[in-house]
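What follows is a short report on a single structure.
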Amino acid sequence: MSSASGPALRTLAFGDLEPSVWGVAWFPEPGQPGFVAIGTARSSATREATLTADDESGEWRLHGDGVELTASPGDAPLVGAGDDFDQLCRVRGSVDIVDPVGGSEQREVDCLGRRAVHAATDRLDRFESIRDVSAWFDDSHGLAVVALRPRKSRGQESDHVTAAALEPETTPPVTDPRMSTVYAADGHPLRVGLELWLGEDEDEQFPRRASGETVGVAATGHTGLFDVSAQFVHWRGRAGDGGGVYLLARRG
């Protein structure tokens, strides 16, 4: 088993549409603790964990205080190549949930998710903020977007955006990814829209669209250079309703 916390940004997000439990593990920097959030409709908490990859089985394993999870490849094909990819997955295991009025309980996890490696993000100190957005509608349909905002930029027009349509058949690459977010007064996302145009020939391009609303309690923490918040998202798209996570990291 090899470490899954090398020089590339790694994300593992998971949760049910009715989120009895949801979570996201975000490992932006080698040798640094990651942001690991576990939430429910009523509460959320962050903790440290390690992420390892089993090269033989293709599984990822997340281990930490009250967190024991395994992410296995899903039915949709991996989108990307080598050390840079997005993929739907099935996440199983158990997590400890802290009740907001006191006490804790262990809950079993068996749900859909998305895992990703972005090898081109080995210099995150160049960026002011990062948005890492996941959506899954069933075990073979999902969407993923990562938006990197350079330091000293004036707005989203400067963002470096990459995206993937996760589907059972091989699809053309996303050549024109668009994401819009409506924020609350405290800076947390409320609503988000995705419009991902696939195909390189402008005359033959076609979109994948989804709209979502954040639900439940945001999880907040700090890792490396960034203050991080994450929320579960209820998505609506061409494949029906789905779940996902919106992660927002800002330089602290």
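The values are calculated or read from the model by the stated rules, or taken from the named source; none is laboratory data. The structure presented is a predicted model; accordingly, all values stated were derived computationally and were not measured. Here the Cβ is made from the backbone with ideal geometry for all residues, glycine too, and neighbour counts use every protein chain on show. Just the protein is used for accessible areas: all its heavy atoms, side chains included, with ligands, DNA and RNA removed. Shrake-Rupley method; radii C 1.70, N 1.55, O 1.52, S 1.80 Å.
Taking into account only those residues within region 215-236 that are open to solvent by 30 Å² or more (accessible area, probe 1.4 Å) and at pLDDT 95 or above, which is farthest from Ile38 (Cα to Cα)? The selected residue is Arg236. Taken together, the residues in region 138-166 that are open to solvent by 20 Å² or more (accessible area, probe 1.4 Å) and within 25 Å of Asp201 (Cβ to Cβ) amount to 7. Could you identify the single residue in Ser211, Ser180 that is under 12 Å from Leu143 (Cβ atoms), out of contact with any Pro (no Cβ under 9 Å at 6 or more places or on another chain) and either polar (S, T, N, Q) or open to solvent by 70 Å² or more (accessible area, probe 1.4 Å) (or both)? Checking each option against the conditions leaves just Ser211. Is region 83-100 home to any residue that is outside any strand (DSSP E or B) and farther than 30 Å from Leu198 by Cα? Yes, because at least one residue in region 83-100 is outside any strand (DSSP E or B) and farther than 30 Å from Leu198 by Cα.
A Cβ distance below 8 Å, combined with a sequence gap of six or more or placement on separate chains, defines the contacts here; from region 176-189, residues that are acidic (Asp, Glu) reach residues that are open to solvent by 40 Å² or more (accessible area, probe 1.4 Å) in the pairs Asp176/Trp197; Asp176/Gln205.
Counting only strands (runs of 3 or more DSSP E) that fall entirely inside region 22-75 and contain at least 3 residues that are under 23 Å from Ser104 (Cβ atoms), open to solvent by less than 20 Å² (accessible area, probe 1.4 Å) and not aromatic (Phe, Trp, Tyr), the qualifying elements are 22-27, 35-39.
Can you find, within region 76-114, the residue that is modelled with the lowest pLDDT among those that are charged (D, E, K, R) and open to solvent by less than 50 Å² (accessible area, probe 1.4 Å)? Only one residue fits best here, namely Asp99.
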